[in-house]
Every structure is written in structure tokens, then in C-alpha cells.
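Step one of this worksheet: look at the structure below.
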Amino acid sequence: MSATPTHEPSFRESVDLMFTRAVALMDLSPGLEEKIRVCNATYTVRFGVRLRGGIQTFTGYRSVHSEHMEPVKGGIRYALGVNQDEVEALAALMTYKCALVEAPFGGSKGGLRIDPRQYEEHELELITRRFAYELAKRDLIHPSQNVPAPDMGTGEREMAWIADQYARMNTTDINARACVTGKPLNAGGIAGRVEATGRGVQYALQEFFRHPEDVAKTGLSGSLDGKRVIVQGLGNVGYHAAKFLSEEDGCRVTGIIEHDGALFNEKGLNVEAVRHWIIKHGGVANYPDATHHAKGAKVLEEVCDILIPAALEGVIHLGNAHNIKAPLVIEAANGPITAGADEILRDKGTVIIPDMYANAGGVTVSYFEWVKNLSHIRFGRMQRRQEESRHQLVVDELERISDSLGKTWSLSPDFKQKYLRGAGELELVRSGLDDTMRIAYQSMREVWHGRADVTDLRTAAYLVSIGKVAASYRAKGL
């Protein structure tokens, strides 16, 4: 067991510490280990935009961690806390995340130091287009070199602006729409992308609970049904994860933590109602059907079965890790547990489903969108009706046999309706995401259970992903 850090490591230090812990168990040459560890390049851009009668200067970043596969992939976040260290740490995580889920990308990340809530929509468009211009003219936005996506503070709207800006600059590029993912459906997006990261969290938990041996390590038992869940951050990821787990898997969301405090109700919260309240009122304060805690972070320490940190990095740290009571933590956000807290939780026996795997739903469906843009055809368009016709043949034959036997049995209408419906884009996206999350978990699980020197899923995830990156570099002759 390694010593618990005595100071609070930064997000970047946490990623480095976890990387170091994993490579110590691998047989990599020092040169290859260093090549995988370091960021290849980080570009800092400072640009001016004429707003409100003057010029405002903004600072943005785009970091490329690894080009073992190209293009590189990673979101663009808008937040005042954006800095080079954070962007480089996130880019590194993207490399490992893409490798783990077998998305054929290297890792990248971008950020703009801005509070988007302080600007009108038309101002944000001007800022976003200029940022996109600065990156695109250096090939830091490009369908075959660098493909951004939404992140904290950005969404479909910003991605549509970026895609349009790139297309204006590259008027003859037939694949221009593939320069960015997370776009609206009518601008080249794909069904299921908005909720993809939250859906991936759900699929990750479903796969975990398919293995009783793994569930037993948490002290829990049975299925997801009835499990008490606390969610920190009801943004895009936290909202969809909480919604799907409560509506489809029978979980009871007992706590929701937001920027202005937290709600707690042992009987369960209505996720949809809380979401509407936040949209209308800007926070959870005064929500009627729950106890409001002004110090929201304290609700992280409440008793529950599953804790889902789904907002910022570093929310579980040396100061509160000893008080975390959840036996299972799934990291829906990037880096919500510091390296020091990770050590404390593992020593307590807490099982952590790591961010590298748990929030990979976004990049997985982004991969599907990128492929859709390059193929210039909607998924399901070629085969859906043919699939329905083949199914109809089976149903017709079964009904003919039933008639010949004097109608002693018949197919239920519900079965016919479901069986005859061919898979459209949304069903295919969900199927692909579910398959990805299952296969990736099984690859981690194999290492977790198969090696005596690997005692946690995070180390297993790093071993799997770094091994794949190393294999790619070796294939290139490095």
C-alpha cells in the first residue's frame, strides 16, 4: 500500500499519480513510459472580440496529449477556472478513455476562460466563432486531425457554431461536419448524443450489477432496484444518469447536490421536477418536497448505496474522504476524486468505478456521430425496412402454422409490434453504447480479478488503456 499524500494534489497531479501507480505494474521501457505520460502540445490563444462598445480579450487553450491515433478527440469547456494544467490533465484522461472503450482517437481537450452566463447568446456566438477560427486555422479543429465536442459550459448550440465556422473556412471540404461532434440533429448530429454520457453511467452500473462477485465487494447485493443514490451536479450528465436510473432501474435518488446547496429526501426525489425547478429558479433553494442543506457538500457524506459525483473535479478530497459512507462511487465527472482521497476510499473498501470508464459514453457516441458524418448517411437508413420485412416473414409463417393447427395459439400483439419494428438510429446508438460499456468493463474486470497486484478498477482501467496506447506506439515503430 502506498502512502497517502500529505497535501491535496491538484487535478493534474492526481492524474500523474494514478498513471505512475499503474505503470509501476507494467513492463514499459522508460522512454515509452515518458512518451505516453507527456502532452505532445498545448496551444494558448488570446483573441479579442468587439463587445458592448469595446474590445474584450479572451484566453483559450487546446491541448493534444497523444497522437498514437488520429484524429485526436476531446471536449471544449467554458469556465472561469480553465487553465493549462487542467486542460492537459483532461487531454491525458481522454487518451486513456478512448483507448479503454476502443474509440480510434488520441486524446485532446480545449477550454475557454469565460463564464458563459455573463453573456447574451449573440455575444457567445461571436466569441465561439472567433475561438473556433483561431483553432481551425492551426488545424486544431479538423475532421482528420482534431475533433472537439461539448463539455462543461458548452452544448449543441456552440458545436453548431463551431461546425459552421469551420465550413465557412473550408468551403470545399465534403467532410466539414465531422470537424466537431455533439451537434444538433439538424446540423449533422446523431440521435442519443445529448444524453450519451448519462446513459453511459447507467449502462456502466447495469454491467457492474451483472456480476454478483463484484457487487459483493461493496457489501451490497441484488440488482439496482431500490438502491439509494446521491447525485452531485444535476447538469447534463447528472440529470440524465439520475433520470434513467430512477425511471428505468428502480433506484431511489435521495440526494441532489447543486451549486446553491443540496436537497435530501430519504423517500426519494422526483428528478424531473427538481430539474424543472433548477431551470426556472437557477438553483435548488426553496424546492418544496425535500430538506434543503445550505452546505451542499455535506450531503456527499450522507448514507447511500451509490454516490455519483457528476460535476467538477476534486469534490472528494483529503478533507472529506474519511466521511464518505457510500460503498460504491461512480465517477460521472472527470477527476471528482483526488489521488489522496482515492487512497483513503480504497483503504476503507469503497469500490470506485473510475471516470475513465464511467463517463466514456459521451466520446463513444461522439465516435458514432463522427462516423455518421464521414459516411454521409443516417444509421439504419439502408437496413431498417429490410430488417422489418425479414421479421414479417417469420411472423407470417408462425401465424400460418397457427391457422393450420386450428388457431390453438397466437402471437401477442405486443410481441408482434416490438419484433416487427426495425432498429432506427437511436436504437442502434444505444445498442452500440451498451456493447461498448459492457466490453470495456469486462476488460477492466479481467485485470481486476486476474492479477493479485491490482486491487481496484481504476488501476485496472489504466493498465488496459496504457497497454493499448503502448501497443499503438510500438506498431508505429516507437
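Only the coordinates and a few stated rules stand behind these numbers; no lab work does. Since the model is a prediction, treat every value here as computed from it, not as a measurement. Every residue, glycine among them, receives a Cβ derived from its backbone with ideal geometry; neighbour counts consider all protein chains shown.
Out of the chymotrypsin sites (Phe, Trp or Tyr not before Pro) in the stretch 80-139, which ones are loop residues according to DSSP with at most 14 other C-beta atoms within 10 Å? Sparse-neighbourhood loop chymotrypsin sites (Phe, Trp or Tyr not before Pro): none present. Looking at the chain, the DSSP beta bridges with both ends there are about 50 percent antiparallel. In terms of the mean number of neighbouring beta-carbon atoms within 10 Å, the peptides 23-32, 461-470 order highest first as 461-470, 23-32. Taking a ≥ b ≥ c as the square roots of the eigenvalues of the alpha-carbon gyration tensor, the stretch 1-94 is classed oblate because a/c is 1.5 or more while a/b is no larger than b/c.
The spacing between the stretch 223-261 and the stretch 165-190, judged by their C-alpha centroids, is 34 Å.
Given R₀ = 35 Å, FRET efficiency for Asn170-Asp435 by Cβ-Cβ distance, to 0.05? Here the calculated transfer efficiency is 0.55. Taking label positions 7 Å along the Cα-Cβ direction at both Glu266 and Thr455, the computed distance is 3.4 nm, reported to one decimal. Report note on the peptides 60-69, 371-380: ranked by the mean count of other C-beta atoms within 10 Å, highest first, their order is 60-69, 371-380. Taking GluC sites (Glu not before Pro) across the stretch 277-376, none is in a DSSP loop with at most 14 further Cβ atoms lying within 10 angstrom of its Cβ.
Sorting the segments 410-417, 353-360, 135-142 by their residues' average number of neighbouring beta-carbon atoms within 10 angstrom, most packed first, yields 353-360, 135-142, 410-417.
Fewest neighbouring Cβ atoms within 10 Å first, the residues Leu112, Leu124 line up as Leu124, Leu112.
Please report the orientation-averaged projected area of the stretch 219-349, defined via the convex hull of its C-alpha atoms, in nm².
On the way: hull surface 29.0 nm².
Dividing the Cα hull surface by four gives the mean projection, 7.2 nm².
What 222 nm value per residue comes from the helices of the chain, counting each DSSP H run with n ≥ 4 as -39,500 (n - 2.57) and dividing by all residues, nearest 500 deg cm²/dmol?
-14000 deg cm²/dmol
Per-residue Cβ neighbour counts within 10 Å put Asp434, Asp115, Asp342, Asp453 in the sequence Asp453, Asp115, Asp434, Asp342, beginning with the fewest.
What pairs from Lys97/Lys137; Lys217/Lys416; Lys267/Lys348; Lys183/Lys416; Lys109/Lys243 go past 32 Å between their alpha carbons? It would help to have the intermediate numbers written out before the result.
Values: Lys97/Lys137 27 Å; Lys217/Lys416 42 Å; Lys267/Lys348 27 Å; Lys183/Lys416 35 Å; Lys109/Lys243 28 Å.
Going by Cα-Cα distance, Lys217/Lys416; Lys183/Lys416 fall outside the 32 Å limit.
Here the label points at Ala285 and Leu185, each 7 Å from Cα along the C-beta direction, are separated by 3.7 nm in the simple model.
How much of the calculated P(r) for the chain lies past 39 Å, in percent of all Cα pairs? It would help to have the intermediate numbers written out before the result.
Numbers: 28209 of 114003 pairs.
It works out to 25 percent of all Cα pairs.
Might you report the magnitude of the Cβ-based charge dipole of the stretch 289-443 about its Cα centre, with Lys and Arg at +1 and Asp and Glu at -1, to the nearest 20 debye?
The calculated dipole for the stretch 289-443 is roughly 440 debye.
Under the convention that each Lys and Arg Cβ holds +1 and each Asp and Glu Cβ holds -1, the size of the dipole of the chain around its Cα centre is about 920 debye. Partners of Lys418 within straight-line reach, counting lysines whose Cα lies under 23 Å from its Cα and excluding those fewer than 8 residues away in the same chain: Lys407.
Select from the stretch 253-318 those trypsin sites (Lys or Arg not before Pro) which occupy a DSSP coil region and have at most 11 other Cβ atoms within 10 Å, ordered by residue number. Write down the numbers at each step before the final one.
Values: sites: Lys267, Arg275, Lys280, Lys295, Lys298; in loops: Lys267, Lys295.
Sites meeting the loop and neighbour criteria: Lys267, Lys295.
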